[in-house]
Every structure is written in structure tokens, then in C-alpha cells.
Amino acid sequence: MNTAIETDIVLIGTGLAPLLVAKKISEEGLRVIILNPDDDFFLENQELGFDPFLFSSPNFAQTIIEHDPENILQVVRPNFPGAVEYWSDQTQFAGFFDPTAPHVRLRNLIFSNNSELLPLQFSEKNVHFQVMQGASAVARFPGINFEKYNFTTPDPQEYFLLSRFSDVDAHRYRYGILEFLQDKLGDECILLSAKNIEIIPDGLRFQSNQKTYTVETQLGSYFFWTPKSNSIIQNIQKMISQKNFSTPSIQQIEKYFILSKENLDHTTIVNDKNLWCLSSITGQPDQSKKENVLEILVTQENATFNEKPLQSLNEVDAFIRGKLGWSKFKIRNYTRHYFYNWDSFTRTGNSSPDICFPLLQHAGGVYAVLNSSGSIYQISNMASTVSKLILANQQIF
Amino acid sequence: MSLTIRDGIFDVVVVSASRNQNWPFHSVRQFSKLVSSYGLTVGLFGGEDIRFIGVIPNQTTGGFLIIEDSQKRIHRIESRAIIKVENPSEMPQYFEGFYSSAIIPLSAAISLLQSNSLNLQPNPIILGSSNRAFRFATQLKQQLGIAAIVIETYKGWSSKKYNSWEVSKRQFEQNGGRFIEGQILSLTEKSPQLWILKIRDNHGVQIIETGRVIGSGPYFPEKQWIEFPDGSLLFEWKIFSLHSRTENVEGWILDEDSANFLAAKVVKMLSHNVGPSKDKLDSIHRRARTRLKIAEAHQSDPYTPVYQGKWLANWEKRKIQEHQNYTNYQTSFFPVIECFERITCQECVTTCPEEAIIINAQKLKTINSDKCTSCNLCVSACPTQSIQLLKQVENLSYAQLRLSWRGLEEVHKNEAIHTLNRRGEFLGTARVSNMHYSELRTDQLHPYFEQIIEIEVPHHLAWEVRSIKKQKQEKAVAHTELKAPLSASEMVEVYFNQTKRLVKNGALLIQVLFEMGYNRPEDSLLCKDGTCNLCEVTVDGINQLACSVKIRKGMVIKLDSQKNESGQYICHCQKITAQSAVNHLSEKRTRSPESFTQQTGLMKGKCHGLNCKNAVTGLCISQNAMSEPSITQNWSNWIDWSFPKLDWNIGKKN
């Protein structure tokens, strides 16, 4: 059975990025169809509360400033159809407060520092920091077992403490947007399990739930480029006679969920070349926690899709035994996520790529959208830019 | 101490998800033989020393298998195709009180019965009407004198019928078993070791007092193998027959066919050039596919004869006689094969030394009476007692029947017995005129006799009588009375929650917990091998697994007080209620199982879905079956690849 649909724009993606863009442009009266090659949204899990690759960022101090809670709130609040709460140690004294709304949490960031230039960078950017050493620094790591801590020969490592860092409740944020769009656009405009997507002169043809759809578009189709949609982009690339862009490098996160005796409240520790963690804040209203889980992330730059799993198990083991002083531990869950590093992405003759660029010119154009995964802050910024471009109906080049 | 990971690379890996003595199973060996004959490297990982930790899928195809050996060394095996071998799951679907210490899986019930640690009385209930469930219930009655009730809860249960299902059911009913179709409402504890099960069937609400509820499954139609995601070369393969061929012939045959099918599929996907043997591979693939289709067709349309009262309808009788080419009175014993299902079992065909049993164009077994010597071999070979020998001589007032008898007690010559029809209904009494041989056999439970008996019945009953029952069977000694009390030297004193107890020396602690009635829901021997880590108890101040600790004198055992077994929870690890899961489904915000479990947190707790997977799957299928068939499809084609499969202990010696 073939169903024909006429629309202004088609957004193809698996995560939050197409939803945010759809929300913005549908508010301006454009007709939108969202296609998801997956059976559901967010199965690819491409949205993060903060940027775990911030240490590899060329401008580390700037990334820290971006993670200031007020800065993040300014970006994420306008895109969300409801309240985004701010959790800080002052929250309990605030007036109305919705504990079920997505939140931005004020957190401390503590990290080991091996660079002499970093204090200078922080000073230039007016980032307040504190230098710590020994037991007082180690105590900031959640789950530490002080019974095993050697006070006679304390940890000689120097740590920096930043008190204005934050993360976003990515889970509630993205599901809030999805629910809003499901109500606003209806199920007929959000099509899941889209398979065999083909570009035709007037738009797109695809299959979903054993039906064939032909979509005629006025303003084009936008493919949000994530590892899962890579094969679709590659197929379109094959249709273009000349290859004019490179493949971005891949970043991998290995995520371990370790069971702990204490209530660690989903505190995240990131183990990297630099050891660092987000420590808890006081006055958190989250009472729904069920499991005592310590989440450990290990990041890897320039990875491939065929990396061996559990590469960092030794590091995690050494960290848990050596730093936290646990004699044994249980792994409840382990996952791997892949992200593209768009800084490494170049197109021929254009070293700084646009946020979206045309793959084909007909039927309003077929575009690839970069920065479709990562932290909520980055995705929100990208969505604002792309929706502005679409609304202005301008040529990207 | 640092961890060392050992790496390995194979083309195809087959891994057993649980520890098993019989590894590699027959079907796994068959698979391996076929795949390796095409030049692919195959790794088989299983047995008692290998612990399966999980599979980590690749972005494209294949993935990494993580296993731990007996010395706690970690092995990371890379493979282009991974096949995880699972046993069919046995824990029940959701009803109020489904997470209860009354409920144990069938495999655990069998092992506990073998060690005399399980009290099933009164009215043991078996959930799910698989062949295995019926066979277990029949064994309970025949060998131990315990009458069980089998309850089928799935509305479309006819699609779960496997080869010989009708025969298994008939044997069960002939032995006085009760089969009920109904919906379970609740299971509540009345007193220690006694529970009340409420069910609703066609007659209304019934209340049954039971000593134990045994989960058997499958609770909904399950595929024998699934690939998820499509094209990923990551398979889950459910093996039905883990034991010998005689114990479960239809499962054995089905497994063999699926092994051939799966092997041909994997070889075709991995080897682009199989050379001249391609035709042979195609032929194996086609043959296996055809046989699996036959088995599938049988599941959807099994043969059930029509009865008028307790007598077979005339046209059914004619149909049976025509099928046997039976025309008139015979002068010698004539084999009657009442196997009208196009099943793949060929035990009788292969057993017959004269090759008198042939498979006709309709794929049914028929007899060539010219060749038959009435040797009885086919009667004893048929695993489902579907073959009898019949002799009707003209002018003789009675007919003679030779039947197979399998029971705890031996049948003697000249003994008066009850005759029964195909549904186990009483038809009259008869005398055993002859007994051909008697053999003491053993199976998973206990030894039993196997005999061929000859009886004399009136002519009009020759096509009605199909089995017998020993008279005065009610005098059979109950299983509980059979147990001889242990002598004082076999008992030792232990401290159990600060009180002294006399228990069996050297017995497994988990068996003792069952005997004393102190077992918790997590002590249901879910994994059979200690991999699930759920049955933790404190022994002499150290946390240990009850399924791996043996009783010794003076042991101090501390068990947490019974947990609050709230019937409202569908996930007891994370305290998630069934209502909240239903609400989530009714909002229709999710379509895929992954997203549903991610959002609700179901199957993400301590047991990783071991207790609740069936309950969650059943709930989702029943909620969506009518409105969204595609969602039901998603659930039945889904494999949970979340890693690790169970909590993974690092740095702890079990």
C-alpha cells in the first residue's frame, strides 16, 4: 500500500536533534514529517547531560564556561515546552518547584591537573577554581573508602576544584520534547521504523510498518548525521559523483555502572588521562533513586567502530581499588557509545564546515546536519541554528 | 592485582548461557560439524567451568563474547557470528503474587525431587501446558502417586502445541490429571508451605489449595531461534532437549533441524564462495526449512479426534481404520499407528528391522502389513505410546491388544486392569493375558518399568481401548511416605537464625531451605549453577550462595527475614508496580522493548530480568496484542543484549 504525503520539510534522525528542530519550525507554521530509522527515539542514546570530551576540547576554559548552569539554562529553557528546574544548594529555599521536571544541576567538578598553562587560561577567562591535594581532594570522589586510605603517604596529585559546573537531566528533557511533539504533530507525522529510504525527484520514498510512503517536500529533507544514520548518508554520498567531504573521527565512551553500598545518587566519575569527577551537591530533591550505582565513564578519542570492548577495565579496576579503596566490585551494566568529533570534519575547499550542508540540490535540497549528537547544550545550539536557516529559507552556501 | 583479558578470534561462536553438564548438546555438535566442514572456525564455550558474562554487539555484525573460566580469568572472544544457547524460560507470567516462594521452575522441581527436598502436596500445580509439563505430571502420578493440575493461561494456546502434544495430554489425563484453561487471579500464602491459587475459567472463579506451583512454560509461542537486530548475525537459540534422545525425542529432532537450518544460514552469510558443495548446502538448508515448517504447521493445526460421549465418532474410527489399510479380521497382530500428525519423529521407522513402516506421500506413517512380523519393537520405541498391535479373529468373542505400559509398578500376567479410551475415560475391566518383556528404566525422576502387555477386550472396544490403568491405584504409596526417616547419624545440628535445627549432613543449603519451608523467591534455583548470585545467605558471617554451600555441623546460617512479597510489583528488584507498566503501555509512547525497559527500569535490576522477563513480556504482549500487532512482533523478536547478563563480580572468589 502506497501512502502519499505532502509536507514542507522532512527531518530524518534517531535522537533529540530532529525533534528540537521540528518543534521550532512547526511553531512557525511549517508542516513537518519526522522519520526515525529506529523503532523508537533515543535508542542510540546520543544525548548527554554534559560534554565528557571537554578535556580534549581545544579551548578547555571556554567549555567550562559553557557548562555554567546559567549559561546552560539560557540555551535549554527556550527550547523546552515547560519548566526546566535549576537544582542547586539553594533549591530547597525556592518557591514553586516541580521535582518531576527536567533539571539543570549545579555540581562541583574536580580533576587532576597536569598542565601548567591551565591556571593561566582560567585566570584569563575569569573562571574561579581551587587547588586541592591529599585527603581533602580525594574525599570529593564519591564512594571513597577511607578505611583503606593511606594518610601517612597521602595522594601527591594536585587537583582543581571548579564549583560552577552543571549537567542537564537529559532523560527527562528529551522525553519531554518527544511527548510534546507527539501531542502536537500526531503519530502520523512522527514515523518510526523507517526503512529503505530513497531520494526521489520530488522528495523521499520509504517504508514504515509494512507500508510504503512517498513524501513530497517543498523545503527539502534534512538528515541528522549520527553513527546510526551513517549508512544512509553514505548511500546518498554514493549517489553524488564527487566525494567532497571526509568521514569525521569517532569518539567512544565506555560506561560502567558499578554497584556501591552507599547512596551515590548517580554521581558520575570520569576516568580519563585526567582523573576527574562530578561530585554531589547538597539539597537535591531527587527522591526517586532506586539503586546505588556509581557511573564511570572512560572516553577515547580517535576510536573506530570495531574497538574491542572492556579496553578500560584495567583502568577502572585500578581506579576502584587504588583510589576508592574497594577490595571488590560488581558491574551491573556496561555500554559503549560512539560520537562523531565534528572538529575533525572537513569538506574539500572548506576547512570550517557549516552546520548543515547540501548533499543534493533537487526537491528543495537534501541536507546533512552535523553536531546532531553530544551534550544537550550542543544539540540545542545546533537546533537553533538549523531552524533559523530553514526559516530564513536561504541557501546554505 | 590487575586484570588480564585473554583474546580469541573465531568465525562463529556458540556459547551456553548457563552451565550445563551435557555440553555440548547434540544439536550444538551437529551445528559445529556442519559449519566447520565449510572451512569456518567454530568455538564452543560452555560446560561446567565456563561462566557466560555476556555479549557486546558490534556496530555492524558479530560482536564480542565475554566469558570467565573457573580460575576467574576473563576471555574476550571476537566473532563474526555469535549464537547464544538458552534453555526455554520457565518463570511464570504476571499475576498477583507471581513473585512468591511457592513458585519454582520445572527444572528446579525435578532436581529437588531427586534429592527428596521438595514437598509438593497437596495439589501441585504446573503452569503452562507444554509436552514437558504433561510428561512431568504423568510421571508424578505414575511413579509417585501425586496428582497434579496443569493450567494453561495463554488464550491462543493451541499455537503452542508441539509434536505429540495430544498424546502427552492424553497420557496425563488417562492418569487422572486435571487440565484447566483459565486466567490466574492471585496466589496468596495461607500457612507455611500452603498457598491458595485463585483462577477464573469457564465455570467461574475456582480456589485451589496447593503445596507448590511449578512454572513450566512456554507461556506464549516462542521461536526456536531469533536474530536481533536483523542481519547482525547475533542469534539466540532455544534448545528444547538437553538430555537423552529417549527422554525428549520431539525436542531432540526439532533441535537437530534447527541446528542444520541455522548452520546453513550462517555459512551462507559468512562464506561467499562455498564452491562445489553449495548444492549440498542448499539441500541441507531446504530440507531443514521444510521440516521446521512441518513442525510449525503442526503447532497451528494438531490432530484432535472427535468424541460422542466417551466413544470415538464413527467417521473418526473409519478414518483411523482407513489410514491403517485395515479391512477385515486379521489372523495375526496388526500394528495400529495412531500418529496422524506430519511430525518429524521417525523413531518407529528407524526401529523397524523389516522396514515395514513407511512414510507415505502425505508425510504420514503407514504400515506395510506384508512385511510386519509383529515383533513389538515399534510399540516400545514410540515415545508417545501411539502404536498398538491389534488382533481380531473371526468367530472369536474378543480381540487382543498389545499396548505399552510405563509405570512405577509392574503389571503381572492374569492381573485385572482398567481399560481406558484415548482421553483416559474408564471403559471397563480386562485381564492381562500375556506380558512380553519387562525392563527397568530410569529417567530424570526415578526408575520405572517398561512392558508390552497383551489384553483381551470385546470386539466393539477394539478401536476404543488405547491404554490401561492398574486397579486399586489409590493404594499406591505416596511419595512423602516413601521417604525413610534419616538416622541420627545422618543429621547434624546447625544454627539457623539463632535457633538450633537438625538437618541433613552434606546436603546443599538451598535444599535444606526448601525442606524447612524457608526458601525465598530468589532461592528458586533459577540459574541451576550459581551464576545468578541471587540466593545469597550469610554463612558463618560470610555472604555465600545457598545453591553452592553444603551443610556441615555447627554452621551458623543467617537469612534475611522474608521480604515483603507485594503482589502489586512486577519488578521486585526495583519495586516497580504492574500498574505503572500498564499505564506506560497505554500511553503508547514506546514501541520497542529496549525503549520500554530503558524508560521503566524493568529488567534492569538485580536479577536482570531472570524473575520478571516472562511477566514483563507477557504483560506487554497482552496489552498490545489487539491494538498493535507490530509491537507484539517486536517483543517476540527481541533479544536483550544488555551487558553483563547478570551482575559481574570482579575480584571476588565464588
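The values are calculated or read from the model by the stated rules, or taken from the named source; none is laboratory data. These numbers were taken from a predicted model, which means no experiment stands behind them. Methodologically, a virtual Cβ is constructed for each residue, glycine included, from the backbone with ideal geometry; neighbour enumeration extends over all protein chains shown. Side chains included, ligands, DNA and RNA excluded: accessible areas come from the protein's heavy atoms. Shrake-Rupley method; radii C 1.70, N 1.55, O 1.52, S 1.80 Å.
Just for chain A, what percent of DSSP beta bridges are antiparallel, to the closest 5?
Numbers: 56 of 84 bridges.
Around 65 percent of the beta bridges assigned by DSSP in chain A are antiparallel ones.
Charge tally for residue B:451 (other residues, Cβ to Cβ under 9 Å; Lys, Arg +1; Asp, Glu -1): -2.
Our note on the geometry: Cα centres of segment A:76-131 and segment B:1-78, 46 Å apart.
Mind checking A:95-101 for the average number of partner chain beta-carbons within 10 Å of each residue's beta-carbon? Can you show the working numbers first?
On the way: counts 0, 0, 0, 0, 0, 0, 0.
Shielding by partners across A:95-101 averages 0.
Give the residue from B:405, A:235, B:545 lying farthest towards the positive end of the charge dipole for the protein assembly as shown; charges sit on Cβ (+1 for Lys and Arg, -1 for Asp and Glu) and the dipole is referred to the Cα centre. It is B:405.
For segment B:366-387 versus segment B:529-561, the inter-centroid distance based on Cα atoms is 52 Å. Here the simple spin-label model places points 7 Å from the Cα toward Cβ, and for residue B:193 and residue A:98 these points are separated by 5.6 nm. Computed per residue of chain A from DSSP H runs no shorter than four, each worth -39500 (n - 2.57), the mean residue ellipticity at 222 nm is -7000 deg cm²/dmol.
About its Cα centre, how strong a charge dipole does chain B have in debye, to the nearest 20, once Lys and Arg get +1 and Asp and Glu get -1 at the Cβ?
Numbers: 77 positive and 66 negative charges, 92 e Å.
That gives a dipole near 440 debye.
Which of A:273/B:604; A:228/A:330; B:160/B:268; A:184/A:388 have a Cα-Cα distance over 28 Å? Beyond 28 Å between Cα atoms: A:273/B:604; A:228/A:330; B:160/B:268.
At full extension, residue A:1 and residue A:133 could sit 40.7 nm farther apart than now, given 0.36 nm per residue minus the alpha carbon distance.
Enter the angle in degrees (range 0 to 90, nearest 10) between the Cα long axis of helix A:230-239 and the first principal axis of the Cα atoms of chain A, meaning the one along which they spread out most. It is inclined by approximately 40 degrees.
Excluding same-chain neighbours fewer than eight residues apart, the aspartates and glutamates reachable from residue B:310 by a Cα-Cα span under 12 Å are B:425, B:464. Per residue of B:386-399, other chain Cβ atoms within 10 Å of the residue Cβ number 0 on average.
Taking 18 Å as the limit for the C-alpha separation, the pairs A:148/A:323; B:141/B:470; B:84/B:278; A:255/B:613; A:308/A:328; B:575/B:645 exceed it in the case of B:84/B:278; A:255/B:613; A:308/A:328; B:575/B:645.
Phi-derived couplings, Karplus 6.51 cos²θ - 1.76 cosθ + 1.60 at θ = phi - 60°, listed residue by residue for segment B:632-645: 4, 4, 4, 5, 6, 9, 9, 10, 7, 8, 4, 10, x, 5 Hz, with x used for Gly and Pro. A simple charge model with +1 on the Cβ of Lys and Arg, -1 on the Cβ of Asp and Glu and nothing else charged puts the dipole of segment A:52-200 at about 180 debye relative to its Cα centre. Ordering A:365, A:292, A:385 by the projection of their Cα atoms onto the charge dipole of the protein assembly as shown, which places +1 on the Cβ of Lys and Arg and -1 on the Cβ of Asp and Glu, puts A:292 at the extreme positive end. Per-residue mean of foreign Cβ neighbours for A:325-334 is 6 (Cβ atoms of other chains, 10 Å radius). Each of B:148, B:233, B:332 was placed along the dipole of chain B (beta-carbon charges, centred on the mean Cα), and the one lying farthest toward the positive end is B:233.
How do the peptides B:314-324, B:344-354 rank, highest first, by the average count of neighbouring beta carbon atoms within 10 Å per residue? Spell out each step's value before the answer.
Numbers: B:314-324: 14.3, B:344-354: 16.4.
Averaged packing, sorted descending, gives the order B:344-354, B:314-324.
Karplus-derived 3J(HN,Hα) values for segment B:46-55, using 6.51 cos²θ - 1.76 cosθ + 1.60 with θ = phi - 60°, are x, x, 7, 9, 9, 10, 7, 9, x, 10 Hz; glycine and proline are entered as x.
The Cα atoms of chain A cover 74, 49, 43 Å along the three principal axes, with the biggest extent listed first. Per residue, the accessible area of the protein assembly as shown comes to 42 Å² when a 1.4 Å probe rolls over the protein heavy atoms. Share of antiparallel DSSP beta bridges in chain B, in percent to the nearest 5? Percentage antiparallel, nearest 5: 70.
Modelled label positions at residue B:579 and residue B:498, each set 7 Å beyond Cα in the direction of Cβ, lie 3.7 nm from each other. Taking Cα centre as origin and charging only the Cβ of basic (Lys, Arg, +1) and acidic (Asp, Glu, -1) residues, the dipole magnitude of the protein assembly as shown rounds to 2360 debye. Which residues of segment B:1-21 show a drop of at least 50 Å² in accessible area when all protein chains are present, compared with their chain alone (probe radius 1.4 Å, heavy atoms only, ligands and nucleic acids excluded)? With the partner chains in place, segment B:1-21 has these residues losing at least 50 Å²: B:3.
The interface between chain B and chain A buries about 3400 Å² of solvent-accessible area in total (1.4 Å probe, ligands and nucleic acids excluded). A loss of 20 Å² or more of accessible area (1.4 Å probe, protein heavy atoms, ligands and nucleic acids excluded) relative to the isolated chain is seen in these residues of segment A:30-48: A:39, A:40, A:43.
Considering only protein heavy atoms and a 1.4 Å probe, what is the carbon-and-sulfur percentage of the accessible area of chain B? Percent of accessible area from carbon and sulfur atoms in chain B: 48. Under the criterion of Cα pairs below 8 Å and six or more residues apart, the relative contact order for chain A equals 25 percent. Couplings 3J(HN,Hα) for segment A:204-220, derived from phi with the Karplus relation 6.51 cos²θ - 1.76 cosθ + 1.60 (θ = phi - 60°), are 9, 10, 7, 10, 8, 6, 6, 10, 9, 10, 10, 10, 9, 10, 9, 10, x Hz, where x marks Gly and Pro.
A simple packing score, the average count of other Cβ atoms within 10 Å per residue, orders the peptides B:376-384, A:107-115, B:255-263 as B:255-263, B:376-384, A:107-115, with the highest score first. Return the calculated 222 nm mean residue ellipticity for chain B, to the nearest 500 deg cm²/dmol, obtained by summing -39500 (n - 2.57) across DSSP H runs with n ≥ 4 and dividing by the residue count. Mean residue ellipticity at 222 nm (helix-derived): -7000 deg cm²/dmol. Once the C-beta distance of residue A:311 and residue B:72 is scaled by a Förster radius of 22 Å, the resulting FRET efficiency is 0.70 to the nearest 0.05.
What number comes out for the charge environment of residue A:6, summing +1 per Lys or Arg and -1 per Asp or Glu over other residues with Cβ under 13 Å away? Let's see the in-between values first.
On the way: positive: A:31; negative: A:8, A:188, A:202, A:216.
Within the 13 Å Cβ shell, the charges total -3.
Applying a 10 Å radius around every beta-carbon, put A:18-25, A:338-345 in order of their mean neighbour count, most first. Intermediate values should be presented prior to the final figure.
Details: A:18-25: 25.2, A:338-345: 18.4.
Ranking, from highest mean packing down: A:18-25, A:338-345.
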